[in-house]
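Undergrad: Pasting in a structure now, in structure tokens, and then I'll have a few things to ask.
Derivation of every value follows stated rules applied to the coordinates shown; laboratory data play no part. Keep in mind it's a predicted model, so treat the numbers as computed, not measured. Methodologically, a virtual Cβ is constructed for each residue, glycine included, from the backbone with ideal geometry; neighbour enumeration extends over all protein chains shown.
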Amino acid sequence: MSNIPYARERNVCLCHVCSYVCAGGVHQCPRCESPVHFRKPNSQARTWAFLIAGLIFYIPANVLPVMFTTMLGNGSESTIMGGVIEFTKGGSWDIAILIFIASVVVPCIKFLVLGLLLVTCQRRSQWAKRERARLYRFIELIGYWSMLDVLVVAVVAALVQFQGLSTIEPRLGILFFGLVVVMTMFAAMSFDPRLIWDAEVEDV
């Protein structure tokens with residue numbers, strides 16, 4: 001694998017916006033006029049910043065209530081896990097599993113995988129480079145599905161209010177969870193997966 005030449009060894013680089021192959025000495029894409037770099041500038045620092053911000057927002061997202069339910073004059077607030085438990089007790093296993101996967105499993109996977117990628121790249125590890133590249137593509141794939149929890153709360157609120165028997169209103173926790181999703185998406189977008197392969201060469 002190390003015999004395959006790098007793009008910079010051929011004095012070319014790829015535009016991040018339109019994927020046009022540019023000459024190495026060019027600092028602006030001739031097609032879309034976007035800035036061109038061999039690697040994303042400050043990729044690891046920006047990814048760490050977004051990842052840490054997501055971790056900070058994840059705490060209030062799980063502690064604060066995400067919705068307020070009123071039924072026959074009785075009101076109650078519920079967190080993400082509280083909502084999962086309520087849907088489970090109500091027999092809605094499919095919605096409970098969907099919320100649990102989108103709100104707990106997916107964010108934790110993104111935190112762990114992005115942290116692993118950052119640490120191994122900073123240590124210039126050559127361990128399982130192909131598998132780590134696949135992990136990054138997996139994170140990109142599942143990143144947008146984290147918004148399912150926000151969508152479920154919105155849909156359930158609309159359906160319940162339509163029935164007229166009770167009301168459901170979003171609370172501050174759903175805002176923090178939305179910020180978690182945005183921060184982890186930005187972290188994945190900021191990370192340059194080519195850093196995984198830079199460990200093959202001595203000086204990059």
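Undergrad: Among the lysines, which fall within straight-line cross-link reach of residue 40, defined as a Cα-Cα distance under 30 Å, with same-chain neighbours fewer than 8 residues apart omitted?
TA: Hits, sequence-local ones excluded: 110, 129.
Undergrad: While we're on this one: May I ask you to sort 109, 99 by Cβ crowding, counting other Cβ atoms within 10 Å and putting the fewest first?
TA: 109, 99
Undergrad: Okay, next question. Under 5 Å between amide H atoms, partner at least 5 residues away or on a different chain: which partners does residue 12 have, H built in plane at 1.01 Å?
TA: For residue 12, whose amide H was placed from the backbone, the distant partners under 5 Å are 24.
Undergrad: Non-local amide H neighbours of residue 171 (under 5 Å, H modeled in plane, Pro and chain starts lacking H): which ones?
TA: Counting only residues 5 or more places away or on other chains, the set is 67, 68.
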